[in-house]
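Below you'll find the structure, written out as structure tokens, and then a few comments.
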């Protein structure tokens, strides 16, 4: 899904692979409640910089047990610094960035298969000040590769057009 999106988007693209980052979980120390940043110094510092500088943000994840992958969830939890802008008085206004969501699930399609992941990611993007332009989901990827699913490919290409 990411490859298809990247092939159809204009401009520079940088991919952050949550599985390759060295990021500790949030410890709820509440440092970010009073400071725009995190008390834990690890790879997340660079991710904060990239989020802040980005014009567009796409979040892509496999869905396991109705939600995003574990490594991505650790990053999401560490993005508490953006939500805490409410407490600090510097919360970003929605609309300053464009965003989208790509989700795939290996199981055959079922009702509300992606709902929990969508709710989590929409909230995260809102905290980034990003306006979500769309969500593309692909079910049954254990049996059918996304690259063989014309409907999903079309949806991804349409989403990428909204960013160009």
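The values are calculated or read from the model by the stated rules, or taken from the named source; none is laboratory data. Bear in mind the structure is a predicted one, so any value in this text is a computation, not a measurement. Because the Cβ atoms are built from the backbone with ideal geometry, glycine has one as well, and the counts that use them run over all protein chains shown.
List the number of the failed condition for residue 118; all other conditions in (1) more than 11 Å from the chain's Cα centre (by Cα); (2) within 30 Å of residue 10 (Cβ to Cβ); (3) free of Cβ contacts under 8 Å to residues at least 24 places away in the same chain hold.
(1)
Inspect the stretch 18-41 for any residue being under 14 Å from the mean Cα position of the chain (by Cα) and loosely packed, with under 10 Cβ neighbours inside 10 Å and give the result as yes or no.
Among the residues of the stretch 18-41, at least one is under 14 Å from the mean Cα position of the chain (by Cα) and loosely packed, with under 10 Cβ neighbours inside 10 Å, which makes the answer yes.
On the given criteria, is residue 41 modelled with pLDDT of 95 or more and touching a strand residue (DSSP E or B) at 6+ places or on another chain (Cβ under 9 Å)?
Considered against the rule, which asks whether it is modelled with pLDDT of 95 or more and touching a strand residue (DSSP E or B) at 6+ places or on another chain (Cβ under 9 Å), residue 41 comes out as no.
Taking residue 92, is it under 21 Å from residue 3 (Cα atoms), touching a strand residue (DSSP E or B) at 6+ places or on another chain (Cβ under 9 Å) and either in contact (Cβ under 8 Å) with a residue 24 or more places away in the chain or surrounded by 15 or more Cβ atoms within 10 Å (Cβ to Cβ) (or both)?
Working: under 21 Å from residue 3 (Cα atoms): no; touching a strand residue (DSSP E or B) at 6+ places or on another chain (Cβ under 9 Å): yes; either in contact (Cβ under 8 Å) with a residue 24 or more places away in the chain or surrounded by 15 or more Cβ atoms within 10 Å (Cβ to Cβ) (or both): yes.
No.
Just to be sure before I move on: is residue 69 within 12 Å of the chain's Cα centre (by Cα), within 21 Å of residue 4 (Cα to Cα) and surrounded by fewer than 18 Cβ atoms within 10 Å (Cβ to Cβ) in the structure I sent?
yes
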